[in-house]
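A.B. asks: I'd like to ask you about the structure that follows.
The values are calculated or read from the model by the stated rules, or taken from the named source; none is laboratory data. For clarity, every value in this text was computed on a predicted model and none was experimentally measured. All Cβ positions, glycine included, derive from the backbone under ideal geometry; neighbour counts span all protein chains shown.
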Amino acid sequence: MDIQPAPFIPPAPKPRTTPPSTLEMIRIVYRNPLELWGEHTYNEPWISANGVGGHLIVANDPGLIRHVLVDNARNYKMATVRQKILRPILRDGLLTAEGEVWKRSRKAMAPVFTPRHIFGFAQPMLRRTLDFVTRYEDGGTSDIAHDMTLLTYDILAETLFSGEIAGEPGSFANEIDRLFETMGRVDPLDLLRAPDWLPRLTRIRGRKTMAYFRKIVTDTVKMREGKFKRDPGAVPQDFLTLLLKAEGPDGLTRAEVEDNIITFIGAGHETTARALGWTLYCLAESPWERNRVEQEIDQVLACEPDPTKWLDAMPFTRAAFDEALRLYPPAPSINREPIEPEMWKDLHIPKHAAVLVMPWVVHRHRKLWDRPDAFLPERFHPGNREKIDRFQYLPFGAGPRVCIGASFAMQEAIIALAIMLSRFRFDTTAETKPWPVQKLTTQPQGGLPMRVTPR
Ligand code: HEM
């Protein structure tokens, strides 16, 4: 009989047993905030403490999370530190907009993400993935973490602009990497809440890259607008066309169209890439699970050619992806700041406290999950997933600011996994020793070198 072996326990920092000194804490925050949290954090419903940067609240109780993200969301703005990092890049894009601008933009952009449009992106997603995997036909070893960022960038560029980018397409991809590497970093001065006039050395280098990048986006939008005016019937139905249609007095301004293009690139390709990389890694280390997923994919692909149907038709594949999102949430921390002080049960939440809802911690909380550190996709199999509280599993956030691209990402991930796993087997090697590190996303330090063999 086929007996299910013990589950794989993927690498993660052990909860600390002693609190770090102030200096050590600053060092850890800069190097890898995932290493900061102690036993308490993974066991208590919340942590409330005074730290270097002010008052800190870690929210773990699903009721408290629901309160912060949904029931009293109006009292919470985006955390100051996060805004300082991201706003110079994304400006009034949806991720960093606040107040009336956010409200108007979210409403204007809702039609862009309807199921009809998301389904419309399935064929370009499939085409790009089929093109992409030809690189594996001769077999060999490759850094899958890097490969997945190339694949999701390809898919995003196709669904954003249909390849119609002003200037050299290759240079655009390089500039994006450089932009987020230089600008998207926590500066130690931000953590210490130093005044804004003190220059952040980590960001100065990024300014030139940003000016160049912005110009490409402006020129691309102008190019498309010209085409739209000349022959509206000939423009592709991609994100850019949909965003331009959302322009108007009650919709987006031209500057906001550009900000949101940059936001989609920033929020929408590395996140999905990380999730795909971690999924392939966890499956490679769990051959029993991988076998089940491969069988499912083979069966579905044999009789269902329509990629918009795959997400519903592949519950085991989806469960493996969901479980990788639990263990390695690409957005490991959702940070908020209360506008007014308030009470939740007997917890006092002071004004300006840093309120952290950390998927990384909540998804591994000792009181919320059975065997929290194990890769067990069956938690998400039909019949089990319904038992998971909505507010203990939040890879895409929750409430009014829930990820607007979640359905896009899920569809893309299942299409990419179906194509990759139906044609190739991904195995770890002696060099595959990833260590999760929190940058803008949860990255595998050391990459994911894996051996790829045609099946
Ligand atoms: C696996 C992939 C993804 C993950 C894990 C993810 C995660 C998240 C999370 C946790 C948030 C909420 C942040 C907060 O409340 O502070 C968010 C917001 C957002 N995401 Fe995603 N995301 C993914 C893919 C995408 C894609 C593909 C797009 C666009 C095409 C996208 C666009 C956005 C935008 C624009 C927001 C801001 C929404 C708002 O504030 O109204 N994301 N995402």
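A.B. asks: Just for segment 81-103: of the residues that are over 18 Å from the mean Cα position of the chain (by Cα), at pLDDT 85 or above and more than 8 Å from the ligand (Cβ to nearest atom), which one is nearest to residue 357 (Cα to Cα)?
C.D. replies: Only one residue tops the list, namely 98.
A.B. asks: Checking residue 164 against (1) at pLDDT below 90; (2) crowded, with 20+ Cβ neighbours inside 10 Å; (3) farther than 19 Å from residue 96 by Cβ, which test does it fail?
C.D. replies: So residue 164 meets the others, but not (2).
A.B. asks: Please verify whether segment 350-360 includes one or more residues that are more than 22 Å from the chain's Cα centre (by Cα), farther than 24 Å from residue 122 by Cα, aliphatic (A, V, I, L, M) and buried (at least 17 other Cβ atoms within 10 Å of the Cβ).
C.D. replies: Yes: one or more hits.
A.B. asks: Here is a further query. Evaluate the following for residue 256: is it within 16 Å of the ligand (Cβ to nearest atom), surrounded by 23 or more Cβ atoms within 10 Å (Cβ to Cβ), of a type in the set (Asp, Glu) and without any contact (Cβ under 8 Å) to a residue 60 or more places away in the chain?
C.D. replies: Here the answer is no, as residue 256 does not meet what is asked.
A.B. asks: Checking the conditions here, which among 406, 413 is free of Cβ contacts under 8 Å to residues at least 40 places away in the same chain and within 16 Å of the ligand (Cβ to nearest atom)?
C.D. replies: Matching residue, one of 406, 413: 406.
A.B. asks: Grab the strands (runs of 3 or more DSSP E) fully contained in segment 312-416, keeping just those with 2 or more residues being at pLDDT below 95.
C.D. replies: Of the strands (runs of 3 or more DSSP E) lying wholly inside segment 312-416, none has at least 2 residues that are at pLDDT below 95.
A.B. asks: Out of segment 109-149, which residues are within 16 Å of the ligand (Cβ to nearest atom), hydroxyl-bearing (Ser, Thr, Tyr) and part of a helix (DSSP H, G or I)?
C.D. replies: 129, 149
A.B. asks: Answer yes or no: is there a residue in segment 423-432 that is charged (D, E, K, R), in contact with a Pro (Cβ under 6 Å, 6 or more places away or on another chain) and at pLDDT 95 or above.
C.D. replies: yes
A.B. asks: Hey, another quick one. Which of the residues that make up segment 416-437 are buried (at least 20 other Cβ atoms within 10 Å of the Cβ), away from the ligand (no atom under 13 Å from the Cβ) and farther than 29 Å from residue 37 by Cα?
C.D. replies: Passing the criteria: 418, 419, 420, 421, 426.
A.B. asks: Moving on to the next point. Pairs, please: C-beta under 7 Å, at least 6 apart or cross-chain, first residue within 15 Å of residue 406 (Cβ to Cβ) and in segment 262-278, second within 9 Å of the ligand (Cβ to nearest atom) and acidic (Asp, Glu)?
C.D. replies: 272/412
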